[in-house]
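Written below as structure tokens is the structure these notes are about.
Nothing in this text is a laboratory measurement; each read-out follows from the coordinates by a stated rule. Quick caveat, the model's predicted, so the values are computed rather than measured. Cβ sites come from the backbone with ideal geometry, for glycine too, and all protein chains shown count toward neighbours.
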Amino acid sequence: MSVAVVTDSTAHLPEGFAERHAVRVVPLHVLVDGVVSLDGVETGPAAVAEAMKQRKIVTTSRPTPTEFVKEYQAAFADGADAIVSVHLSRELSGTWEAAVLAAQEVGPDRVRVVDSRTTAMGLGFAALHAASAASAGASAAAVEAAAVTAAGCSSTLFVVETLDHLRRGGRIGPAAALLGTALAVKPVLHMSDGRILPLEKVRTMNRAVARLVELAAQAAADDDVELAVHHLASPERAVELANRLEMAVPRSAGCVVSELGAVIGAHTGPGVLGVVVQRTVPR
């Protein structure tokens, strides 16, 4: 059986990874002052960062079920017998729901839709592990299991300059947003059961970066891991973070650096730094 793997643009796979691993990507929508474009296709991180600096209104929306149907039909036309479609947490977006509706239209017996309960490279690693299983000739059920297992083995940590963007987009509650209102406080957040939750607060961005390294090392423990660093409009800081992670996590297979796309960037704001630790076993 030939199994195609589909994900969405919030996976923020490093450039070339989707093509290399035969992962199909359905873009979410970005709206800048009401003008709609496709994440990663028509709008990238630089454009959204600049729009936010200019205080333009930046919002996002899920792909439509029709867009998923077209992608699924294209996969079948290219020879796939089944599809595993892996997406960001349903707690953060209606993308998973749109994929489910599309699967029902093209045949739920042919399309398996996975809620990764995470996003960014937590989602990206799940899609890549699924693609690896598919390329090895695994069944659709086994490819789905690979995605679910990988998603459950990831830890996602990040720090933002301000919680205002997450609060305005409804991705974090008003009470949690209070964590970041004090002067000079940088909130450290994480993904937990599909939601973005505050983890702790530190006083400076330098301390926040150091704390990301410490928390990532704790999450890795003695496991063999894959690492990813995300950023928006902070390439130098991201490279520094990646270098520190590789020293702090000796059993890492390497660290990829990927700039967040327009959708996640719209909710976190410029200056965000994130780390994804992908273990071989859940914790």
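Residue-wise HN-Hα couplings along segment 52-63, as the Karplus relation 6.51 cos²θ - 1.76 cosθ + 1.60 with θ = phi - 60° gives them from phi, are 5, 5, 7, 6, 6, 7, 10, 10, 9, 8, 6, x Hz; Gly and Pro carry x. What shape does segment 96-150 take by its C-alpha gyration tensor, where a ≥ b ≥ c are the square roots of the eigenvalues and a/c under 1.5 counts as rounded, a/b above b/c as prolate, and the rest as oblate? In terms of gyration-tensor shape, oblate.
What shape does segment 36-76 have by the C-alpha gyration tensor, where a ≥ b ≥ c are the square roots of the eigenvalues, rounded means a/c under 1.5, and otherwise prolate means a/b greater than b/c and oblate the rest? It is prolate, given that a/c is not under 1.5 and a/b is the larger ratio.
Against the chain, whose longest principal axis is taken from its Cα atoms, helix 140-152 shows a tilt of about 10°. Neighbours of His29 by Cβ distance under 13 Å: Lys/Arg scored +1, Asp/Glu scored -1, total -3. Compute the angle between helix 235-248 and the longest alpha-carbon principal axis of the chain, please, reported from 0 to 90 degrees and rounded to the nearest 10. Helix 235-248 sits at roughly 90 degrees to that axis.
Name the shape class, rounded, prolate or oblate, that the alpha-carbon gyration tensor gives for segment 1-157, where a ≥ b ≥ c are the square roots of its eigenvalues, rounded holds for a/c under 1.5, and otherwise prolate holds if a/b is larger than b/c and oblate otherwise. It comes out prolate by the Cα gyration axes.
Counted by Cβ distance under 15 Å from Thr64, the other residues give a net charge of -4, where Lys and Arg count +1 and Asp and Glu count -1. With both labels modelled 7 Å from their Cα along Cα-to-Cβ, the Thr66 to Asp222 distance reads 5.6 nm.
Using the Cβ-Cβ distance between Thr204 and Thr149 with R0 set to 51 Å, the FRET efficiency works out to roughly 0.85.
Trypsin sites (Lys or Arg not before Pro) within segment 1-103: which are DSSP loop residues with at most 15 other Cβ atoms inside 10 Å?
Listed in order of number, the matching sites are Arg55, Lys56.
Taking all Cα pairs closer than 8 Å and separated by 6 or more residues, the relative contact order of the chain comes to 22 percent.
Extension gain for Asp33 to Leu101 (0.36 nm times residue separation, less C-alpha to C-alpha distance): 21.6 nm.
For the Cα trace of the chain, dividing Rg by the Kirkwood Rh returns an Rg/Rh value of 0.96.
Subtracting the Cα-Cα distance of Lys56 and Arg90 from 0.36 nm times their residue separation leaves 9.6 nm of extension gain. As I understand it, the value is the acute angle between the Cα axis of helix 65-77 and the longest principal axis of the Cα atoms of the chain; what does it come to in degrees, rounded to 10? The two axes meet at around 50 degrees.
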